[in-house]
Amino acid sequence: MDTQTGIKDVVRQKYGEAASRAAQGERNSCCGGSSCGEQAWDPITSNLYDDAQAGDVPAQALLASLGCGNPTALAELHAGETVLDLGSGGGIDVLLSAKRVGPTGHVFGLDMTDEMLALAEENKRKSGLPNVHFLKGEIEAIPLPANSVDVIISNCVINLSADKDRVLKEAFRVLKPGGRFAVSDVIVRGQMPASIRRSMELWVGCVAGALSDEEYLAKLSAAGFEQAGIEITRVYAADDAREFLSGEGGDIDTLVAEVDGKFASSFIRAVKPLQVAVMPATPDATAHKQPGSCCGSGPRCC
C-alpha cells in the first residue's frame with residue numbers, strides 16, 4: 001500500500017467514526033492521540049464558532065466539526081456567489097456559507113466519507129436550506145467543471161492530503177478567473193520531528209501533514225495562484241502540543257519541547273488571476289480563417 005492510499009484509508013476510517021459519534025450526539029476531537037477524544041479541551045477545534053454561528057446550524061453539524069479555523073468568517077462571501085468547501089464533513093461551513101451567499105448563491109460540499117456525507121445530508125434537511133449540494137469525491141479530483149466556482153473554502157483538510165500539489169491545481173482549475181481561495185489550515189514553523197511525520201494518527205489530527213508557510217506559498221504559486229498570503233490565527237504552545245501528542249508514547253516531554261510553538265492554525269488566501277483578453281484578429285488573419293473553423297465561429301478562439 002502506498003503512502004497516499006494509506007493516509008486516505010486512515011482518514012476515511014477516522015472521519016467515518018467521527019461522523020457516527022456526532023450523529024449520536026457525542027463530541028469529536030481533531031487531536032491525533034488515542035485519548036484526545038476524551039479530553040475536555042481540544043487545542044485545535046475548540047472555540048472556532050461564536051454562539052450566534054453555533055446556534056445557526058444543527059447541533060450535529062457543530063459536533064462533527066474537526067476544523068482548525070472558521071473560513072466562513074474570514075472569506076468575505078457575497079450574495080449570489082458559488083462556493084465550494086473541500087472536505088465538508090458534517091456540513092457546518094457549507095451551511096454557514098449558504099446563509100451568507102443567500103438564495104441567489106449556491107454552496108457545494110465535497111467529502112469522500114460516506115458517513116460524513118450522510119450526516120451532512122441530514123443537517124441540510126434540518127437546516128431547510130435549498131442552495132446546498134453535497135458531492136462525494138476526493139479533493140485531489142474535484143467533480144466540478146473548470147471555471148465554475150467563485151470561492152473555495154476548506155477547514156483543516158488540505159493538510160490531510162498526501163498530494164497537496166494536485167489539490168491546489170484542482171482548486172485552481174475549478175475557480176473562475178478572479179476566484180478566491182480562502183482556507184483554514186495548520187502550518188508548521190521550523191523543522192518537525194521525524195516521528196511526527198511518520199505518524200498516520202497525527203495525519204488525521206491535522207498535524208503531521210502540515211506544510212511550512214514557505215512551502216504553502218510556493219505550492220500556491222506553482223499552481224498558478226497570485227496574491228497569496230498567510231495570516232496566523234492560533235499558535236499551539238507546549239500545553240496544547242501535549243494534548244495532540246498524548247498517544248505517541250516515548251519521552252513525551254522531549255517531544256513536546258521540540259514542537260512548542262511550531263504548529264499554528266492559519267487563514268490562507270490566494271486569487272486565480274483574470275484571464276488575459278484575446279486580442280482581436282488582424283484583417284489579414286481574418287482573411288485566412290477557414291469557414292466553420294473554431295476561430296471563425298465567434299469572437300474568441302478556442
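Looking at (1) modelled with pLDDT under 70; (2) farther than 19 Å from Pro130 by Cβ, which one does Leu74 not meet, given that it meets all the others?
(1)
Scan the stretch 177-207 for residues that are more than 16 Å from the chain's Cα centre (by Cα), aliphatic (A, V, I, L, M) and either at pLDDT below 85 or open to solvent by 60 Å² or more (accessible area, probe 1.4 Å) (or both) and report the count.
If we filter the stretch 177-207 for residues that are more than 16 Å from the chain's Cα centre (by Cα), which is where we start, we get 177-178, 188-202.
Filter once more, keeping what is aliphatic (A, V, I, L, M): 188, 192, 194, 196, 200, 202.
From the residues that got through so far, the ones that are either at pLDDT below 85 or open to solvent by 60 Å² or more (accessible area, probe 1.4 Å) (or both) too are 192, 194, 196, 200, 202.
Qualifying residue count for the region: 5.
Kindly provide the set of residues from the stretch 105-136 that are touching a Ser or Thr at 6+ places or on another chain (Cβ under 9 Å) and acidic (Asp, Glu), ordered by number.
If the condition is that a residue be touching a Ser or Thr at 6+ places or on another chain (Cβ under 9 Å) and acidic (Asp, Glu), then Asp111, Glu115 are the ones that fit.
Name the residues in the stretch 143-163 that are over 12 Å from the mean Cα position of the chain (by Cα) and within 20 Å of Gly179 (Cα to Cα), would you?
Across the stretch 143-163, the qualifying residues are Pro143, Leu144, Pro145, Ala146, Asn147, Ser148, Val149, Asp150.
From the list Asp114, Asp165, which one is in contact with a helix residue (DSSP H, G or I) (Cβ under 9 Å, 6 or more places away or on another chain), open to solvent by 50 Å² or more (accessible area, probe 1.4 Å) and either over 20 Å from Gly224 (Cβ atoms) or without any contact (Cβ under 8 Å) to a residue 40 or more places away in the chain (or both)? Steps first, answer last, please.
Working: Asp165 fails: either over 20 Å from Gly224 (Cβ atoms) or without any contact (Cβ under 8 Å) to a residue 40 or more places away in the chain (or both).
Exactly one residue qualifies, and that residue is Asp114.
Mind counting the residues in the stretch 117-131 that are open to solvent by 10 Å² or more (accessible area, probe 1.4 Å) and under 20 Å from Val157 (Cβ atoms)?
5
Considering (1) at pLDDT below 95; (2) under 14 Å from Tyr15 (Cβ atoms); (3) within 14 Å of the chain's Cα centre (by Cα), say which one Ile139 fails and leave the rest.
So the condition that Ile139 fails would be (1).
The values are calculated or read from the model by the stated rules, or taken from the named source; none is laboratory data. The structure presented is a predicted model; accordingly, all values stated were derived computationally and were not measured. Here Cβ is always computed from backbone atoms with ideal geometry, including for glycine, and neighbour counts include all displayed protein chains. For accessibility, only protein heavy atoms count, side chains too; no ligands or nucleic acids. Shrake-Rupley method; radii C 1.70, N 1.55, O 1.52, S 1.80 Å.
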